[in-house]
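Here's the structure, in structure tokens; my notes come after.
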Amino acid sequence: MEFSKLLISLFIFQVFFPCHMSIQAAPANSDLFREYIGAEFNNVKFSDVPINSNVEFHFILSFAIDYDSTTGSPSPTNGKFNVFWDSDNLSPSQVSSIKSTHSNVKVALSLGGDSVGDGYAYFDPSSVDSWVSNAVSSLTNIIQEYHLDGIDIDYEHFNADPDTFSECIGELIKTLKNNGVISFASIAPFDDDDVQSHYKALWKSYGDLIDYVNFQFYAYDQGTTVSQFMNYFNTQSSNYNGGKVLASFISDGSGGLTPENGFFTACSRLKSENKLHGIFVWSADDSKRNGFRYEKQSQALLAISH
């Protein structure tokens, strides 16, 4: 009798306190490799980049910007996006071709970036509703024309407060996902107070819609050590709690922890802790001159049973 009471009480406990609600599954190791491409107009093509068939591979076109692209000094267009990447070499037909050749490849576009023309590229909405409406319309057209799968958010300069940024970007991602236009979204913050205030507001309100955090670890000082990198990684993982924070390096070696100085040591350590959610690189344009050696090494590490 006592035993059956215990079973009943255990059953009631399970009904009212199901385990999946109390414990959020932590992100685990992944075989995701991502690479920005097209910002520097040096004729790099998708087909130049080595693709390991045992990873999930994302190209990220850099950039689509809501500035006009016809004048000598571009000005903001309130969410009406234009293509600012090397579309001669990275065209809709080339997107279709690389995806049909490699079934593990998806292609995204990144919004914003650091600069446009000779100045900074600002996030500069007139109002939330008008910006979202324009952005959904213009980006849907570009994404469908180029056969794309996702978007990345890489605004780095802001003429709007964090809450406005959060609502604009969050509603954009939500609408594109609900409409079936994209299947994934990422953000690309770095360690700067103004940048972090905007992206952390977005994460707080819409983090459940953001699939990956392309944290720019290469924006830390050149000469970053393995132990510093591990500390930075853990700090940003708590800033974007529950998110898939990716490890990253810049292929011109200008900042952060470089492959020569222990990047892959750090990645192996993250992997042993079940925290290697993927690797991304800025950028294919710069890696072209060294034969993409570190892209090959990154993918080889990720392809080992994760």
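The values are calculated or read from the model by the stated rules, or taken from the named source; none is laboratory data. Keep in mind that what you see is a predicted model, and the values were worked out from it rather than measured. Positions of Cβ are backbone-derived with ideal geometry, glycine not excepted, and every protein chain shown enters the neighbour counts. Protein only, heavy atoms only, side chains kept; ligands, DNA and RNA dropped before computing areas. Shrake-Rupley method; radii C 1.70, N 1.55, O 1.52, S 1.80 Å.
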Inset, instruction - Return a yes/no flag: does region 213-224 have any residue that is in contact with a Lys or Arg (Cβ under 8 Å, 6 or more places away or on another chain) and closer than 22 Å to GLY150 by Cβ. - result: yes
Inset, instruction - Kindly establish whether ALA219 is of a type in the set (Gly, Ala, Ser), within 23 Å of ILE187 (Cα to Cα), at pLDDT 95 or above and within 19 Å of the chain's Cα centre (by Cα). - result: yes
Inset, instruction - Identify, from the list PHE263, PHE292, the residue that is at pLDDT 95 or above, under 14 Å from TYR220 (Cα atoms) and of a type in the set (Phe, Trp, Tyr). - result: PHE263
Inset, instruction - Evaluate the following for ALA108: is it within 26 Å of ALA219 (Cα to Cα) and touching a residue at least 24 places away in the same chain (Cβ under 8 Å)? - result: yes
Inset, instruction - Return the total of residues in region 176-212 being open to solvent by 70 Å² or more (accessible area, probe 1.4 Å) and either out of contact with any helix residue (DSSP H, G or I) (no Cβ under 7 Å at 6 or more places or on another chain) or in a loop (DSSP other than H, G, I, E, B) (or both). - result: 8
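Results for (1) without any contact (Cβ under 8 Å) to a residue 24 or more places away in the chain; (2) within 21 Å of TYR36 (Cα to Cα), shown as yes or no for each residue.
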residue: ALA219; (1), (2): no, yes
residue: GLN222; (1), (2): no, yes
residue: TYR232; (1), (2): no, no
residue: THR235; (1), (2): yes, no
residue: TYR240; (1), (2): no, no
residue: SER251; (1), (2): no, yes
residue: SER254; (1), (2): no, yes
Inset, instruction - With the condition kept exactly as written, say whether any residue in region 73-92 is surrounded by fewer than 18 Cβ atoms within 10 Å (Cβ to Cβ) and assigned to a helix (DSSP H, G or I). - result: yes
Inset, instruction - Within region 66-84, work out how many residues are under 23 Å from ALA108 (Cβ atoms), among the small types (Gly, Ala, Ser) and at pLDDT 90 or above. - result: 1
Inset, instruction - Examine region 100-121 for a residue that is of a type in the set (Phe, Trp, Tyr) and crowded, with 18+ Cβ neighbours inside 10 Å, and state whether such a residue exists. - result: no
Legend entry - Single match in TYR220, TYR294 (criterion: crowded, with 16+ Cβ neighbours inside 10 Å, among the hydroxyl-bearing types (Ser, Thr, Tyr) and over 25 Å from SER53 (Cα atoms)): TYR220
Inset, instruction - Look through region 256-277, keep the residues that are open to solvent by 20 Å² or more (accessible area, probe 1.4 Å), in contact (Cβ under 8 Å) with a residue 60 or more places away in the chain and not in a helix (DSSP H, G or I), and return whichever of them is nearest to GLU295 (Cα to Cα). - result: LYS275
Inset, instruction - Being under 22 Å from THR140 (Cβ atoms), in contact with a Gly (Cβ under 9 Å, 6 or more places away or on another chain) and modelled with pLDDT of 95 or more narrows it down to one of SER62, SER91, so name that one. - result: SER62
Inset, instruction - For region 278-289, enumerate the residues that are in a helix (DSSP H, G or I) and either modelled with pLDDT under 95 or open to solvent by 10 Å² or more (accessible area, probe 1.4 Å) (or both). - result: ASP286, LYS288, ARG289
Inset, instruction - Could you check ALA300 against (1) part of a helix (DSSP H, G or I); (2) without any contact (Cβ under 8 Å) to a residue 60 or more places away in the chain; (3) small (Gly, Ala, Ser) and say which number it fails? - result: (2)
Inset, instruction - Could you please find all residues in region 143-175 being touching a residue at least 40 places away in the same chain (Cβ under 8 Å), among the charged types (D, E, K, R) and open to solvent by 60 Å² or more (accessible area, probe 1.4 Å)? - result: GLU145
Inset, instruction - Please indicate, with yes or no, whether at least one residue in region 46-57 is touching a strand residue (DSSP E or B) at 6+ places or on another chain (Cβ under 8 Å), assigned to a helix (DSSP H, G or I) and open to solvent by less than 50 Å² (accessible area, probe 1.4 Å). - result: yes
Inset, instruction - Kindly check whether there is at least one residue in region 230-246 that is farther than 24 Å from TYR122 by Cβ, in a helix (DSSP H, G or I) and aliphatic (A, V, I, L, M). - result: yes
